[in-house]
Every structure is written in structure tokens, then in C-alpha cells.
Amino acid sequence: MRHTTNTGVINDPETLSPLEGADGRNSIVTFSMTRSMLETIFDASYGFHKFIEADCMALTSIYAKRVYEILCNQDAGTVYRMETGHFKEMFCITDKYPLIADFTRRIVKPLVKEINDKTDLVIDCAVEKGASDPKQRILVFKVLRNGAISSARELTRKYVLWPEARMKSFLTDEAHMRKSEMKPHIDLLYRASRVPAVMAELPHKWEKTCERIPDDGPDRIAREKVRKERIAHLIASIRGLMDDYGL
């Protein structure tokens, strides 16, 4: 293990004490951690979501793990470039795979396949032609799709930016309420959707409503009557909750 200023995360020269006698990945060394190192380790501001962390833990290749850590928070279309020599230095394999074809076959293709197979990230990687020195050839990673970010944004859009979508989803999926039936109560539903206590109580209120008005109609007309009665009772319950909170 060695300190590097190229990670973009730990760049304090005092973060790691000098490591004596380190020999690549074949040595066990002892090092002390400074306060700066501890603060970095426990800093939660880097923004790894739990599902991203779980995806990373599922990867078995150390190469796939590192590339995934670099790319997991990037949008589709992001291009990340790195010299082949720098990539090898990160994993202490500078003396291995001198031929680009071998490096691509043994390292690059397997890591890309594992990331694409096991995570919500879909990437591609190519080695640019140009430099005569293989160590200076450029690895170009491209994010084709990032399902994790898309999912997070969709959840944010629905449940943070547009909390009324939660109300609409509940009324549509659970109460089978039509848009035309929501329209007369739209102001009430909009205000209620922004009160966490009301939204938390809503499933319980609906459960009680269904118990009070059982759906045992013998035909479609009877079941439709039950549906409308339940909706009316639920709207009254929401109105009552809002009154209780003085809203």
C-alpha cells in the first residue's frame, strides 16, 4: 500500500506514515493512521448509496472494484481517461502484461464484463492507439448507462421534489381512485401529501376503511358502489387528519 496524491480523495502528505519494506501486494506492513486519515475514512460526504456499496461488494475482481468506485456516481455519457501505466501502478502490476493485447484480454475485458453483469452500471472500455510506449497508451472508460443514478433521481423526483406523486400513487394503486374523482379534492390532497404524519397514517386509515366497508358485492355494480363508499370515507379521514393538525 502506498500514499498517492492522484486519487482525488486523500491528498494530505501526512495522511499515511511512510511504509518501510513494502513490496507490492506481497508484503505485510505496519503503518499508523493520522487524524486526517481517520477523518477521511469516516467522512460520509462522498455520497455512496447503500445499493451502490452493495454492488461494489458483490464484485470479486480488485480491478472491477476500483473502476466501479471511480465511475459509479457518473452520468451516462461520461468518459474517463487513464494512462495504462498509471492503471498498472495502482495495482502494482507494472511488470506484468507488457503487450496491450494481453492486458486487454486478461484485465480490461474481464473487469468490464463483471461490472456490466453484476451492477447497474453499464460501461465500455477501449485502448486508444497512438503512443508507441504501451505504458502511455490511454484507457478510455465510457459510462453507457447508470441505473443506480437513474433510480435515485426518479425516487427523488417522485418522493422529494413531487411528494404529491406519492398521494396520487396511493390513491390510484390502493383505492383505485380515478383522476376525475381526485379533481374535486385536489387542493386537500396536495396539502396532505406534504404532511409526513398524514402520509404515514394513510395506509392504516385505508386498512380501517376496508374493514368497515367490506367488498362482498355479488356483481360489478355492487363492487363499484363499495369502491365509491370507501373513497368517500378515505377522503373524510384525510380531511379529519388535516383538521387534527390544524392544517
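Residues in segment 209-227 that are under 17 Å from ASP173 (Cα atoms), assigned to a helix (DSSP H, G or I) and in contact with a helix residue (DSSP H, G or I) (Cβ under 8 Å, 6 or more places away or on another chain): how many?
Qualifying residue count for the region: 2.
Given the options LEU121, LEU111, LEU99, LEU139, name the one that is surrounded by 17 or more Cβ atoms within 10 Å (Cβ to Cβ) and more than 23 Å from ALA58 (Cα to Cα).
LEU139
Given the condition of a type in the set (Ser, Thr, Tyr) and in a loop (DSSP other than H, G, I, E, B), answer yes or no: does some residue in segment 108-120 qualify?
yes
Does segment 95-108 hold any residues that are at negative phi and free of Cβ contacts under 8 Å to residues at least 12 places away in the same chain, and which are they?
Matches in segment 95-108: ASP95, LYS96, ALA101, ASP102, ARG105, ARG106.
Just for segment 57-69: of the residues that are in contact (Cβ under 8 Å) with a residue 40 or more places away in the chain and not in a loop (DSSP other than H, G, I, E, B), which one is surrounded by the fewest Cβ atoms within 10 Å (Cβ to Cβ)?
ALA58
Quick one: count up the residues across segment 182-208 that are assigned to a loop (DSSP other than H, G, I, E, B) and surrounded by 16 or more Cβ atoms within 10 Å (Cβ to Cβ).
1
Read the figures in this text as sums done on the coordinates, not as results from a lab. It should be emphasised that the depicted structure is a prediction, and the values quoted were computed from it without experimental measurement. Cβ: placed from backbone, ideal geometry, glycine included. Neighbour counts: every protein chain shown.
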